[in-house]
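The values are calculated or read from the model by the stated rules, or taken from the named source; none is laboratory data. Note that the structure is predicted; figures quoted are calculated from it, not measured. Cβ: placed from backbone, ideal geometry, glycine included. Neighbour counts: every protein chain shown. These accessible areas exclude ligands, DNA and RNA; they are computed on the full protein's heavy atoms, side chains included. Shrake-Rupley method; radii C 1.70, N 1.55, O 1.52, S 1.80 Å.
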Amino acid sequence: MSKVPYEAQKDHARQVDAHLGFEIEVVESRIERGQTDRETVRQQWIGLPTQSLLTPYTEFRYMLGQLHKVAPISDSSTIVDIGAGYGRLGFVLEAHFPQARFTGIEISEPRVAEGKRVMKAQGLTRSELIAADILEMDLPDASVFFTYDFGPPRSIQELFVKFKIAAKQRPLTIVGRGRSTRDQIERQYPWLTDIVEPKHLGQFSIYRTAE
Ligand SMILES: C[S@@+](CC[C@H](N)C(=O)[O-])C[C@H]1O[C@@H](n2cnc3c(N)ncnc32)[C@H](O)[C@@H]1O
């Protein structure tokens, strides 16, 4: 587990954002100024400090290493971030597992536009960011998913209905980050916790269905 204080990881993430050329604060202020619908504000976590809205790069690096131990990341792996923000996970994945693919699904179009702009500028070739509501589309055909409190509890519940259906067709590995997601999994989804022992690793947990 990372011993680096969370504040230091956020600080590092701020520097990496600047290094990559992200203008996240500018985009977030624009989103905040333009959005008054309370439901949307809540769903998209508008107004939250950006380094709390997003997972630090260092944690993503640690998470991929842990994931690789239990579900090896191969050349044919695709990792999907449900509620991907700016697609930070794609940058870490391409740097350390250059043959794997990243798909980020994100409902906020300005976040997707900024993520795509920086992915292009940085020459990422195996990452895509899709502007869509995950609850209105089919789950991508992948086996490894990451999700960090992407919406209110009701939305997380709807997402897990989709995961349950997909798990009938293929083994799934799901990395859950955030209290709301993990509480719900532990309380309500025995199909994800009772067969393969979950790995709890600080801010996130790795859950797997049976092979
Ligand atoms: C807490 S942020 C996490 C961002 C990123 N996964 C990370 O860890 O850095 C959750 C994101 O989910 C997005 N989101 C919320 N509901 C969604 C939905 N129904 N479909 C797709 N994205 C959604 C929000 O707009 C927000 O950007």
- Query: What number, in percent, do you get for the relative contact order of segment 6-208 if the mean sequence gap of Cα pairs under 8 Å and at least 6 apart is divided by its residue count?
  - Reply: 17 percent
- When the helix-only estimate is applied to the chain (DSSP H runs of n ≥ 4, each -39,500 (n - 2.57), divided by the residue count), what is the mean residue ellipticity at 222 nm, nearest 500 deg cm²/dmol? -14000 deg cm²/dmol
- Query: For residue 111, what accessible area in Å² do you get when you roll a 1.4 Å probe over the heavy atoms of the protein chains, rounding to the nearest 10?
  - Reply: 10 Å²
- Provide the gained length on full extension for the span residue 157 to residue 120, in nm with one decimal, where the gain is 0.36 nm per separating residue minus the Cα-Cα distance. 10.0 nm
- Message: Per q in 0.08, 0.11, 0.13 Å⁻¹, report the Debye log10 I(q)/I(0) for segment 6-208, using one uniform scatterer on each alpha carbon and no solvent.
- Response: -0.25, -0.48, -0.68
- Query: Going by the alpha-carbon gyration tensor, a ≥ b ≥ c the square roots of its eigenvalues, is segment 1-69 rounded (a/c under 1.5) or, if a/c is not under 1.5, prolate (a/b greater than b/c) versus oblate?
  - Reply: prolate
- Given 0.36 nm per residue, what is the gain on full extension from residue 12 to residue 165 after removing their alpha carbon distance, in nm? 51.3 nm
- Query: residue 183 to residue 99: FRET efficiency via 1/(1 + (r/R0)^6), r the Cβ-Cβ distance, R0 35 Å, to the nearest 0.05?
  - Reply: 0.50
- Note on the structure: At q = 0.18, 0.28, 0.29 1/Å the base-10 log of I(q)/I(0) from the Debye formula over the alpha-carbon atoms of segment 154-211 is -0.55, -1.33, -1.40
- Please calculate the 1.4 Å probe accessible area of residue 170, with all protein chains present, and give it to the nearest 10 Å². 40 Å²
- Message: Strictly over 32 Å apart at the Cα level, which of 10/199; 3/168; 69/116; 10/168; 69/120; 3/162 would you flag in this model?
- Response: 3/168; 10/168; 3/162
- Peptide ranges 199-205, 95-101, 5-11 listed from the most packed, as the mean C-beta count within 10 angstrom indicates: 199-205, 95-101, 5-11
- Query: What percentage of the solvent-accessible surface of the chain, computed with a 1.4 Å probe over protein heavy atoms, is contributed by carbon and sulfur atoms?
  - Reply: 50 percent
- Item | Segment residue 23-residue 109, length gained on full extension (0.36 nm per residue, minus Cα span) | 29.5 nm
- Return one whole number: the accessible area per residue of segment 6-208 in Å², for a 1.4 Å probe. 48 Å²
